[in-house]
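Just so it is clear, none of the values below were taken in a lab; they were calculated from the coordinates. Please read all numbers here as calculations on a predicted model, not as lab measurements. Here the Cβ positions follow ideal geometry from the backbone for every residue, glycine too, while neighbour counts run over all protein chains shown.
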């Protein structure tokens with residue numbers, strides 16, 4: 001299990017190590033449909049604000065960019081579908097509305113990248129094989145294995161909200177998720 005650096009539910013914000021934002025936390029902060037009253041949005045936004053004010057850097061990698069982008073597009077598609085757009089996703093991608101979504105997503109990414117730096121993932125074939133072999137043991141998907149790899153390699157503290165990383169023994173986390181806090185105890 002990971003070691004807990006900070007339980008955000010207790011408003012423990014004084015932290016000075018570089019952090020890596022998991023996709024679900026990025027979604028709580030940046031959208032596409034952020035609820036400013038949601039306790040998760042408030043907690044993670046406060047963490048972001050604290051870190052930016054104290055020159056503590058946030059990182060993401062290509063896995064987070066891909067996952068966030070896919071969720072952003074799919075969530076917009078779901079809303080458009082519930083509002084009468086009756087198209088298969090592949091057909092939706094050919095519409096003007098899809099182009100609007102992509103332009104909005106691009107704008108969102110430029111905003112996010114003002115606050116977050118991209119971490120380069122340098123992984124060799126041997127390391128890929130090791131991560132694949134660890135997947136059944138830790139019950140983590142490959143993107144989460146890559147995120148963990150980047151956190152360990154760069155000594156980042158991971159900021160997730162889900163319990164996807166609860167079985168990884170070598171990472172440190174900052175979270176507002178009660179179940180993950182309990183798993184770290």
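Points worth noting:
- Put simply, when 97-103, 33-39, 22-28, 128-134 are sorted by average Cβ atoms within 10 angstrom per residue, most first, you get 22-28, 97-103, 128-134, 33-39.
- Shape category assigned to region 111-185 from the gyration tensor of Cα positions, a/c cut at 1.5: oblate
- For the chain: relative contact order, % (alpha-carbon pairs under 8 angstrom, 6 or more apart): 41 percent
- With 0.36 nm allotted per residue and the present C-alpha distance subtracted, the residue 109-residue 127 stretch has 3.6 nm of extension available.
- Value in Å of the Kirkwood radius, where region 36-105 supplies the Cα pairs that are averaged: 14.5 Å
- Theoretical ellipticity at 222 nm over the chain - DSSP helices of four or more residues, -39500 (n - 2.57) apiece, nearest 500: -17500 deg cm²/dmol
- Note on residue 142 and residue 10: the extension gain reaches 44.4 nm, defined as 0.36 nm multiplied by sequence separation minus the Cα-Cα distance.
- Against the set [x] 9, 33, 37, 18, 3, 0; [y] 8, 27, 24, 13, 12, 10, 4, 1, 0; [z] 9, 34, 33, 19, 5, the structure's computed P(r) over Cα pairs in 10 Å bins from 0, in percent falls on [z].
- In this structure, residue 96 and residue 71 have a Cβ-Cβ separation that, at R0 = 22 Å, corresponds to a calculated FRET efficiency of about 0.55.
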